[in-house]
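The values are calculated or read from the model by the stated rules, or taken from the named source; none is laboratory data. Since the model is a prediction, treat every value here as computed from it, not as a measurement. When we count neighbours, we look across all protein chains shown, and the Cβ atoms used for this are built from the backbone with ideal geometry, even at glycine.
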Amino acid sequence: MNFGFTEEQDLLRREVRHYLGQRCPMKQVRQLMGTPEGYSPELWKEWGELGWLGITVPEEYGGAGLKWIDLVVLLEEAGRALYPSPLTSSALAGAALCDLGSPEQKREWLPSLADGSRIGTLALLEADGDLTPNGIQLRGEPDGDGFLLRGEKRFVTDPVSADLFVVAFRTGTGTGDADGDADLTLALVDADAPGVHARTFPTLDQTKRLGTLDLDGVRVAGDALLGEPGAAGSTLARLLDLGAVAVAAEMIGAAEAALDLTVQYAKQRVQFGSPIGRFQGVKHPLAEMYVQVESSKSLLYYAAWALDDDPEQVPRAASLAKAYLSDAFARIGIDGIQLHGTLGYTEEHDIQLYLKRSKWARPMFGDASYHYERVASLRGL
């Protein structure tokens, strides 16, 4: 079986890379980092017009109807450029709608997510950051055909920019299920609904926005529920796997860019009358960085393929990719800084931005320890 990219996917990669090189070079990235929004609405609109925001949205709802492996190409290039945008957040919200949404919900939300006129995000985790179903403690109070939500969601990506939140909560007291997912429900919450308050907090990586969603008596009507009440356990698990793969794709692009940046510096920096790239103390770390990047690609691309073509393999494949990349990208970021010497520690040089991205990405949707333990448990160990 050929797992290589198609001609169309290679073309998409070239087009996105060229676009970001022209429209969002590092100078623009640095400018966007300091804005309240953290992204460019103008560029976001252009991405919608180019059809990139709706790659995995079905054609009948205004998207391209492609697969997650195609979206991974897009995410990889966005990571390479450190492109500040709610791309991953909105793609995951769209995935929740595609999996569980009713025809009416899809018609209402998917076209606007695909054209960029609205932005979505997930609001799943809570104070302890537990990625298992047991970590969701928010309970909905029955209210007619819907529920009232009072609580807080943590680690929400792009909360202030979002128009739509996909919120996870419990509908009852549970049934004693060992995994704690027997009464989990997902619901669509409009950012303008009464009682909805989103805020961000500072993070090391200023190209990303992370924050909290406060729900103060927010009413979720019956037609805002995604699927039947209490039946969202499997979809929640899939969303977490999708998130792990999406973040891993951004990590691959950023790690490769950090390597390229360091290689160029090693060719140009002269010490003792010779480029430092000729010294073994520089060659060997660069070679190790390259091996880490290429090994990560194999894991990521298989996980991305499995998302659409072999769902049974997704939990293990997604965890292996995210676990390996969480460690590898952090190591690449540190080595990149060290090989740049004193220059690498200055804010004026771009290499430090990639180290900061590795620190942001490492815990998102599970760090290496979490995913390695998950792989072991999936094997019955």
Filtered residue count, the range 333-343, keeping only those that are surrounded by fewer than 20 Cβ atoms within 10 Å (Cβ to Cβ) and of a type in the set (Gly, Ala, Ser): 1
Residues of the range 108-135 that turn out to be among the β-branched types (Val, Ile, Thr) and surrounded by fewer than 18 Cβ atoms within 10 Å (Cβ to Cβ), as a count: 1
Yes/no for residue 82 being among the hydrophobic types (A, V, I, L, M, F, W, C), in contact (Cβ under 8 Å) with a residue 40 or more places away in the chain and buried (at least 24 other Cβ atoms within 10 Å of the Cβ): yes
Members of the range 49-79 that are in contact with an Asp or Glu (Cβ under 6 Å, 6 or more places away or on another chain), surrounded by fewer than 21 Cβ atoms within 10 Å (Cβ to Cβ) and farther than 17 Å from residue 98 by Cβ: none
Count of the range 335-360 residues which are under 21 Å from residue 275 (Cα atoms) and either in a helix (DSSP H, G or I) or in the same structural domain as residue 155 (by TED's automatic domain parsing) (or both): 11
Qualifying residue in the range 162-183 (condition: surrounded by fewer than 23 Cβ atoms within 10 Å (Cβ to Cβ), in contact (Cβ under 8 Å) with a residue 12 or more places away in the chain and at positive phi): yes
Selected residue (only one of 160, 166 is under 13 Å from residue 224 (Cβ atoms) and modelled with pLDDT of 95 or more): 166
Count of the range 169-217 residues which are among the small types (Gly, Ala, Ser), part of a loop (DSSP other than H, G, I, E, B) and either modelled with pLDDT under 95 or closer than 14 Å to residue 89 by Cβ (or both): 7
Selection from the range 212-245 of residues that are among the β-branched types (Val, Ile, Thr) and either more than 21 Å from the chain's Cα centre (by Cα) or within 22 Å of residue 172 (Cα to Cα) (or both): 218, 220, 235
Pairs, first on the phi > 0 side of the Ramachandran plot and in contact (Cβ under 8 Å) with a residue 40 or more places away in the chain in the range 354-381, second surrounded by 14 or more Cβ atoms within 10 Å (Cβ to Cβ) and outside any helix (DSSP H, G or I), C-beta under 9 Å, six or more apart: 365/131; 366/131
Residue in the range 361-373 that is of a type in the set (Gly, Ala, Ser) and not in a helix (DSSP H, G or I) present: yes
